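First comes the structure, then the notes that go with it.
The values are calculated or read from the model by the stated rules, or taken from the named source; none is laboratory data. It should be emphasised that the depicted structure is a prediction, and the values quoted were computed from it without experimental measurement. Cβ atoms come from the backbone with ideal geometry, glycine included; neighbour counts cover every protein chain shown. Protein only, heavy atoms only, side chains kept; ligands, DNA and RNA dropped before computing areas. Shrake-Rupley method; radii C 1.70, N 1.55, O 1.52, S 1.80 Å.
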Amino acid sequence: MNVILPLLSGFIAAVIGVLPPGLINMTAAKVDLTDGRKRAMIFVLGASIVVFFQTYISVLFAQYINSHQEIVVLLREIGLVIFSGLSIYFLFFAKKPKLKSDDSIQLKSKRSRFFLGMLISAINIFPIPYYVFVSVTLASFNIFTFETVSIYSLVSGVVLGSFSVFYLYVVFFTKMKSKTEYFMQNMNKILGIITGIGALLTLINVVKYYF
């Protein structure tokens, strides 16, 4: 239980967070197109290693926050407002994003795709607050505990999920480019539904705390 559920939860959380086209995904696909599959996988490996450390740091932050119940409650209330606001924004106000052409991603150095993957992953700071919130939320549902085995299970799930999405972009990007365009056109609805579900789950937690 302390291994399987955190592993699956981390995997799912990573897929949700990484699946929308972003700098790492698109650069991985670009490396595959310009330098070949081997270099692209080296790039993905470098990015995944940084994801491991980012997630582990996030869980440590979450562990501290979780030991201070007043902070947890405050985060839930803030999360409820944020999720609700994002859901309304994505569903009703956000403009449809456009997929940038491959030429918009410039790859200057060909020496080490491994360190390029690490660099691009490191400058992406979004995963840290995201996985802090994921960890605290999972802990509140007793899906995850801040024990060593459970922590490494969650972190491993996140790394596996991230690596899987990066790999899919590398392998299938050229084949599914038209589908990617369709996904981009409907991404606001998808994100709106996901954040709406997050708002609902957070609301349940807040209500349970007060009542």
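Test SER162 against the stated conditions and say whether it is surrounded by 14 or more Cβ atoms within 10 Å (Cβ to Cβ), at pLDDT 85 or above, within 24 Å of VAL206 (Cβ to Cβ) and within 13 Å of the chain's Cα centre (by Cα). Before you say what the answer is, go through the steps one by one.
Values: surrounded by 14 or more Cβ atoms within 10 Å (Cβ to Cβ): yes; at pLDDT 85 or above: yes; within 24 Å of VAL206 (Cβ to Cβ): no; within 13 Å of the chain's Cα centre (by Cα): yes.
No: the conditions fail for SER162.
Right, PHE53: surrounded by fewer than 17 Cβ atoms within 10 Å (Cβ to Cβ) and closer than 20 Å to TYR152 by Cα or not?
Numbers: surrounded by fewer than 17 Cβ atoms within 10 Å (Cβ to Cβ): yes; closer than 20 Å to TYR152 by Cα: yes.
Yes.
Return the only residue of ILE24, ILE78, ILE71, ILE65 being out of contact with any Pro (no Cβ under 9 Å at 6 or more places or on another chain) and modelled with pLDDT of 85 or more.
Numbers: ILE78 fails: modelled with pLDDT of 85 or more; ILE71 fails: modelled with pLDDT of 85 or more; ILE65 fails: modelled with pLDDT of 85 or more.
After applying the criteria, what remains is ILE24.
So which of ILE16, ILE49 is closer than 18 Å to ILE143 by Cα and not acidic (Asp, Glu)?
Values: ILE49 fails: closer than 18 Å to ILE143 by Cα.
Going through ILE16, ILE49 in turn, the sole match is ILE16.
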>> Anything in region 136-151 that is open to solvent by 30 Å² or more (accessible area, probe 1.4 Å), more than 18 Å from HIS68 (Cβ to Cβ) and not aliphatic (A, V, I, L, M)? List them, or say none.
In response: PHE141, ASN142, GLU147, THR148
> Applying the selection to region 1-41, what residues are surrounded by fewer than 21 Cβ atoms within 10 Å (Cβ to Cβ), β-branched (Val, Ile, Thr) and more than 12 Å from the chain's Cα centre (by Cα)?
Replying inline: VAL3, ILE4, THR34
